[in-house]
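Here the structure comes first, spelled out in structure tokens, and everything after it is commentary.
The values are calculated or read from the model by the stated rules, or taken from the named source; none is laboratory data. Quick caveat: nothing in here was measured; it's all calculated off a predicted structure. Cβ sites come from the backbone with ideal geometry, for glycine too, and all protein chains shown count toward neighbours.
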Amino acid sequence: MEPELFKPKKRVIIFIDGSNLFHGLWSCYKTHILDIQELGQKLCLANRDLKQIRYYYSPFIKQINPRMYVIQQKYIETIKKYPNVVVVEGKYVRKPIILKKETMAKIKPYVRADELWAYIEKGIDVKIAVDMIALTGSYDTAILVSGDSDFVPVINELNTLKKSVQVAMFMNDDRKCYDLKEHSKSIIRLDYIIPSILKKQKAAKK
């Protein structure tokens, strides 16, 4: 039997749903900024080999939310400097808001139907799922940072492929997803990890 000391470390790739993390951080801690390298190390643990951190996001629409656009872009430029971080960009698309006839009748004097629209994030969950499958030869364990139940099918597929999948999610806010909990063999609570990272960030600024 090969001694533990000489066994190769398990390879890890972390897949981060940037929007989920971004909004979860604000909901729980009233901040949007988190040291992604520190998060990666805490998720990976010292006995495993962190190969890559993949951060998926969609840029805010500058004309609609200029303040958040600037905050987000500064953060993206910061994390791009890390050699093991890969940033994958999606987009927001404009979609009409469909309301019930009764509701439309009530608001008709104040707003036209063609004025009811919103921007939604498009394709990020698909990009993450595709990459988790495409990169199976590059990792032994995938860590998904998200609370989105849309990832249940890809988790099931990876379980079929005998790949280890851990899901890191917020458990102390309304973004928790029971479907993910039921289909994941390992759940990592971000609310156990993030406070110490934020404390370290705050101390570094003093």
Search result, residues across region 55-90 that are touching a Lys or Arg at 6+ places or on another chain (Cβ under 6 Å), over 15 Å from LEU21 (Cα atoms) and of a type outside the set (A, V, I, L, M): TYR69
Of all residues in region 77-86 being charged (D, E, K, R) and in a loop (DSSP other than H, G, I, E, B), the one that is surrounded by the fewest Cβ atoms within 10 Å (Cβ to Cβ): LYS81
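Which residues, counting only those in region 129-149, are of a type in the set (S, T, N, Q) and either in contact with a Leu (Cβ under 7 Å, 6 or more places away or on another chain) or assigned to a strand (DSSP E or B) (or both)?
Those that are of a type in the set (S, T, N, Q) and either in contact with a Leu (Cβ under 7 Å, 6 or more places away or on another chain) or assigned to a strand (DSSP E or B) (or both): THR136, THR141, SER149.
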Among (1) under 24 Å from LYS9 (Cβ atoms); (2) surrounded by 14 or more Cβ atoms within 10 Å (Cβ to Cβ); (3) at pLDDT below 95; (4) not charged (D, E, K, R), the one test that ALA142 misses: (3)
Residue check, LYS62 in contact with a helix residue (DSSP H, G or I) (Cβ under 6 Å, 6 or more places away or on another chain) and free of Cβ contacts under 8 Å to residues at least 12 places away in the same chain: yes
Positions within region 104-128 being more than 23 Å from HIS23 (Cβ to Cβ), surrounded by 10 or more Cβ atoms within 10 Å (Cβ to Cβ) and either among the basic types (Lys, Arg) or at pLDDT 70 or above (or both), in sequence order: ALA105, LYS106, ILE107, LYS108
All positions within region 25-55 that are within 22 Å of GLY90 (Cβ to Cβ) and in a strand (DSSP E or B): GLN52, ILE53, ARG54, TYR55
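For every residue, the table says whether it meets (1) at pLDDT 95 or above; (2) surrounded by 15 or more Cβ atoms within 10 Å (Cβ to Cβ); (3) under 14 Å from the mean Cα position of the chain (by Cα).
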position: ASN20; (1), (2), (3): no, yes, yes
position: TYR29; (1), (2), (3): no, yes, no
position: LEU50; (1), (2), (3): yes, yes, no
position: TYR57; (1), (2), (3): no, yes, yes
position: PRO66; (1), (2), (3): no, no, no
position: TYR69; (1), (2), (3): no, yes, no
position: TYR75; (1), (2), (3): no, yes, no
